[in-house]
Every structure is written in structure tokens, then in C-alpha cells.
Amino acid sequence: MTDIEQSNGDVLLYVSHLKKYFDISKSGFRTTGHVRAVDDVTFTLNSNETLGVVGETGCGKTTLGRLILKLLDSTDGNVYFNLPRGVLDKIMQLERELELLGETKNEESEKRTKSIVKELGEINKEYSLTKIRSGKMKKYRKDMQPVFQDPFSSLDPRQIIRDVLAEPMKLLTDMKGEEILGRSMNLIGEVGLSEDHLYRFPHEFSGGQRQRIGIARAISIEPKLLVLDEPTSALDVSVQAQILNLLKDLQEQKNLTFIFISHHLNVIRLMSDKVAVMYLGKIVELADTETLFTNMLHPYTEALLSAIPLPDPKVARSRIILEGEVPNPANPPKGCHFHPRCKYAMTNCGWSPRDFVMPLQEMLEPLRVKESNILPATKEILTDESSNSIEVVFETGINSQQFETFKGMLNESASKTNGVRFRAITSISLSQTGSSIVIAIKESDVPRLKEIKPGHYVSCLMYEKGAESTGIRGSNVNPATG
Ligand SMILES: Nc1ncnc2c1ncn2[C@@H]1O[C@H](COP(=O)(O)OP(=O)(O)OP(=O)(O)O)[C@@H](O)[C@H]1O
Ligand SMILES: [Mg+2]
């Protein structure tokens, strides 16, 4: 395991290094890349707690929920559910040891690594939901149920509610006719509807009532965990509040554990004991709700919380507004995925050649910047991600004075508060041909989710030892060009 070491308490769910990479195929059959929808997610969740999962669209919330429920197969990683205490402790201890062994390389450590991998492999075949045989999954299916935004989207519109509710009980329990009907009558009351509703069709219900039925169906087989994916996002605000209250009441009465997915921050705050903030497949911050909302540490969380959702009644889901676009998840930014949008970004956060193309084009466009008039026209800007360098090719050869001018322009950009990417430049050199300039960029670091304060996990290089001052606090010295 990583730094998530909450092995105390009553852990119901332990998600360890979970990954889901979707293949991308351009021509329909050949895989040309991957979308890292969920990328190394680790957390624990105690019984009777609610973990809120929040983040912009496409960051992997739904995929994470579906992986936990095994509605989707994972690419890698493990999901442990309701394990005997001793087994869970053993897994965590082995994972911790494996991690420490990764830092030393010798014959003995390699031998021990092999033996731990083997031991974990055996345990996982028996206990990890991502590894067990499908026949064994039935016993878990009963204990974990989904609640979706539109509970009826996948159901037969010709079924009356009595049959809708009966289905999971028939499938996953030994209950029979009368018993199932009796339970359905209780359930319908528990979610605030009446018995005659059992004999109506889905289309006869309002959105709120449909979600009540969705909840009744999910709890019909007495699960321990509910994965609620935007359960109220399609509802009017007043109805939303009723459903949220119902969920809270049911949680208390039935000792339920929730994973509550939403990009509605107020709803997350209201419902969650702790909150995981996701960005491009990764958890970037995880803390108890109050801490996260009042004392957030990750720049992405800060941006997310300061953004105001658009209240447009015509739009079913309000979108989080944050400057800049969410990058393409098939080709995420290097280092920390958030660095291009981060106002505190440092020089080691992941700057790579592609981050320079636009700024260089702007800088060299003759009409915008007068210095560039004395440089020849730019022919092309070539990037080489593997050597972390950029080559600016000019139409004609350039002389040393022009080279100095160009260096001066880069230096000036580096001295600006928002010029952190230019401060990541390590060298600027004239090529052999004399008609291009090669810019090399510092190698980046990769942040990992770490416990910064007790129970408060953050994945950000600002909190690593020896972090440089940030763009905003402004160190204006460029080691390369200064
Ligand atoms: N079946 C699939 N095949 C390929 N890519 C997928 C598939 N399902 C999801 N993705 C991609 O995985 C990423 C995460 O998607 P996901 O639906 O989990 O995000 P989300 O956080 O739930 O977004 P939203 O807030 O819009 O519901 C996205 O880039 C999405 O396009
Ligand atoms: Mg989703």
C-alpha cells in the first residue's frame, strides 16, 4: 500500500492501486493508446461512513464506482471488501513491505519481493474482488449495490414496481413469493411511498419517486455498501433535499456505508464524512469533509471550491467552472497532471515541450513582439518529448546577436510571475546548422498521495521536502538563463 495506512478502525472497503485503462483504437481494431480513467487509486472506507468523490467531468468517478462494484473489470489493482481483520492487516503489512523493498536493490531484497508477490497473489485469488472467480462474486454482489442517476434507464418499462423490486431478491437471495412481496411492502414504505405504488408502472412516477424506488431496490437485499453515482443530479433542488435526507436516514437505520459520487460540492459537503478529490484518474486530495472544505491543501481542490456552479434550470447538471480545459485523458500532462492549470506550479511539476509550443509561437509572432522583428521568421517548432527539448527552426541562419536577443526574450518571460515554465528551462543552445535554437527543459517529478497531516492526504509537489517557492510567491531567478 502507499501512504494510506489507516488499518485501525472498522475498515469495510480497501481499494488498493486500482487502475482502469480503456483502449483507444483509431481504425476500429488496432489499439493506439489508452485513457487512464482510473489510475492508481488507493483508499480505505470504514463501516457506516460516507466517502464523497468529487471532480470535474471525465475525471473517473463513475469508472471508479463501477470498478468497485465489479460492473467493470479492472486493468490492475485490488478491491478488498469486508475482510476478516487478520487478512486485511496481513495484506497491508505485505504491501508496505513490498513498497519498502522497492527502494533497495540487492539479491536478498529481490528474493523477498518475489516471495511477497507470490503470497499476495495467493491471498488475492481468494479475497480481492478484482481477482476472484465470477462464481465467488455472488456473495459480494448482495453486499454492494449501485444507485444511479436514472434508476430506470436500464429497466423494462412494462414491469410494475412490485416486479422491479422483486428482481434482486429473486436473483441474490433465497427468498420466495410471499416473503418477497412482504418485504417489498415494507421497503416501499421505508422510502416514503405507499403500497399501491407497487402496482404502477415506472412512467407513472416523478423523478424523485423514481429515485425512491431505485433506492428501495438497492436496499432490498440488505447490502452493506451503496455506490451512489450522482443520485440526485437530475432532480429539482427541493426534491434533491428530500432524497438526500432519506439516504441519511436509511444509512443510520441500516448501518450503511456510502460511496457518494457527485460534482455538486454542496451535496458532497452535506453527505460525506470524508472526501476524495479526483483529477484525471487520480485522487489528488483526501481528507475528512470539514478539513477539506475549510483547510484544503491541493491547488486543484482550492480552484474547485472557489468556482461557482452555473445555476441554469435548463441544464440538468451544473458544471464546475475552472480556468483552462481538462486535458485529454489519453495524453495527460507530464508530472502532476494539474500543473498547466495550477497557479502555484513550480519548475519541477511536469513542464514538457508541448507546454512551450503556444507561448513560443506567440513570442515569435513578429507583429506581437517587437524584438522578434530582428529574428528571422520561424519555420517550425519541433518538440521531442523523450529528450525533453524543443527546437525552434528559423527560415535562415541566425547570428550571435540574434541568439542573444532570443535568450533575452526567454529570460524576460522567465522573470514574469506566470513565467514558471520558462524558469524550467535548463539550457538554450544554437544548433550546429546555425539556423535553429535548442531549448532543454528540467526533468519533472511525479507527486504521490502522501499523508501531510493525520488523515489528510495530498498529492502535490509543493508539500515535498525542499520544494521551491511557487509561481505565486515568485522566485524570479532562472538558473539556466540568468
Ligand atoms: N467504456 C469506455 N470506453 C472508453 N473510455 C471510457 C469508457 N468509459 C469511460 N471512459 C473515459 O474514461 C474517463 C473517465 O470517465 P468517467 O465516466 O468515469 O468520468 P466521470 O468522472 O464519471 O465524469 P462525469 O462527471 O461526466 O460523469 C473519460 O475520459 C471517459 O471518456
Ligand atoms: Mg460519471
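Out of the helices (runs of 4 or more DSSP H) lying entirely within region 129-226, which hold 1 or more residues that are under 21 Å from residue 65 (Cα atoms)? First the steps, then the outcome.
Working: elements: 134-141, 161-172, 177-190, 207-219.
Where helices (runs of 4 or more DSSP H) fall fully within region 129-226 and carry at least 1 residues being under 21 Å from residue 65 (Cα atoms), they are 134-141, 161-172, 207-219.
Evaluate the following for residue 57: is it among the hydroxyl-bearing types (Ser, Thr, Tyr), assigned to a strand (DSSP E or B) and either touching a residue at least 24 places away in the same chain (Cβ under 8 Å) or at negative phi (or both)?
Details: among the hydroxyl-bearing types (Ser, Thr, Tyr): yes; assigned to a strand (DSSP E or B): no; either touching a residue at least 24 places away in the same chain (Cβ under 8 Å) or at negative phi (or both): yes.
In short, no.
Check region 260-268 and report whether any residue there is out of contact with any Phe, Trp or Tyr (no Cβ under 8 Å at 6 or more places or on another chain), closer than 21 Å to residue 80 by Cα and either part of a strand (DSSP E or B) or within 16 Å of ligand 1 (Cβ to nearest atom) (or both).
Yes, there is a match, as at least one residue in region 260-268 is out of contact with any Phe, Trp or Tyr (no Cβ under 8 Å at 6 or more places or on another chain), closer than 21 Å to residue 80 by Cα and either part of a strand (DSSP E or B) or within 16 Å of ligand 1 (Cβ to nearest atom) (or both).
When you go through (1) under 20 Å from residue 64 (Cβ atoms); (2) in a loop (DSSP other than H, G, I, E, B); (3) away from ligand 1 (no atom under 16 Å from the Cβ) one by one for residue 247, which number turns out not to apply?
(2)
Within the bounds of region 354-366, is there any residue that is modelled with pLDDT under 90, in a loop (DSSP other than H, G, I, E, B) and not basic (Lys, Arg)?
yes
Does region 81-89 include one or more residues that are surrounded by fewer than 17 Cβ atoms within 10 Å (Cβ to Cβ), at pLDDT below 95 and of a type in the set (Gly, Ala, Ser)?
Yes, the conditions are met somewhere in region 81-89.
Looking at 75, 50, 62, 113, can you tell me which residue is within 16 Å of ligand 2 (Cβ to nearest atom), farther than 22 Å from residue 450 by Cβ and of a type outside the set (A, V, I, L, M, F, W, C)?
Details: 75 fails: within 16 Å of ligand 2 (Cβ to nearest atom); 50 fails: within 16 Å of ligand 2 (Cβ to nearest atom); 113 fails: within 16 Å of ligand 2 (Cβ to nearest atom).
Residue meeting the stated conditions: 62.
For the subset of region 37-55 comprising residues that are under 12 Å from the mean Cα position of the chain (by Cα) and either of a type in the set (A, V, I, L, M) or near ligand 1 (Cβ under 7 Å from one of its atoms) (or both), which member is surrounded by the fewest Cβ atoms within 10 Å (Cβ to Cβ)?
37
Of the residues 88, 83, which is out of contact with any Pro (no Cβ under 8 Å at 6 or more places or on another chain) and part of a helix (DSSP H, G or I)?
Going through 88, 83 in turn, the sole match is 88.
To keep it simple, each residue is scored yes or no on (1) modelled with pLDDT under 90; (2) hydroxyl-bearing (Ser, Thr, Tyr); (3) within 33 Å of the chain's Cα centre (by Cα).
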{"site": "127", "(1), (2), (3)": "no, yes, yes"}
{"site": "145", "(1), (2), (3)": "no, no, yes"}
{"site": "153", "(1), (2), (3)": "yes, yes, yes"}
{"site": "163", "(1), (2), (3)": "no, no, no"}
{"site": "194", "(1), (2), (3)": "no, yes, no"}
{"site": "209", "(1), (2), (3)": "no, no, yes"}
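Residue by residue, here is whether (1) touching a helix residue (DSSP H, G or I) at 6+ places or on another chain (Cβ under 8 Å); (2) away from ligand 1 (no atom under 16 Å from the Cβ); (3) of a type in the set (A, V, I, L, M) holds:
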residue	(1), (2), (3)
64	no, no, yes
75	no, no, no
80	yes, yes, no
88	no, yes, yes
103	no, yes, no
107	no, yes, no
113	yes, yes, no
120	yes, yes, yes
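Show the residue pairs meeting these rules: Cβ distance below 7 Å; 6+ apart or different chains; first residue within region 60-85 and on the phi > 0 side of the Ramachandran plot; second residue within 16 Å of ligand 2 (Cβ to nearest atom) and assigned to a loop (DSSP other than H, G, I, E, B).
60/281
Could you tell me which residue of region 432-466 is farthest from the chain's Cα centre (by Cα), considering only residues that are among the hydroxyl-bearing types (Ser, Thr, Tyr) and surrounded by 15 or more Cβ atoms within 10 Å (Cβ to Cβ)?
Here the answer is 435.
For the condition more than 26 Å from residue 458 (Cβ to Cβ), within 16 Å of ligand 2 (Cβ to nearest atom) and either at pLDDT 90 or above or not in a helix (DSSP H, G or I) (or both), what is the one hit in 315, 277?
Matching residue, one of 315, 277: 315.
The values are calculated or read from the model by the stated rules, or taken from the named source; none is laboratory data. These numbers were taken from a predicted model, which means no experiment stands behind them. Note that we place each Cβ from the backbone using ideal geometry, even for glycine, and neighbour counts take in every protein chain shown.
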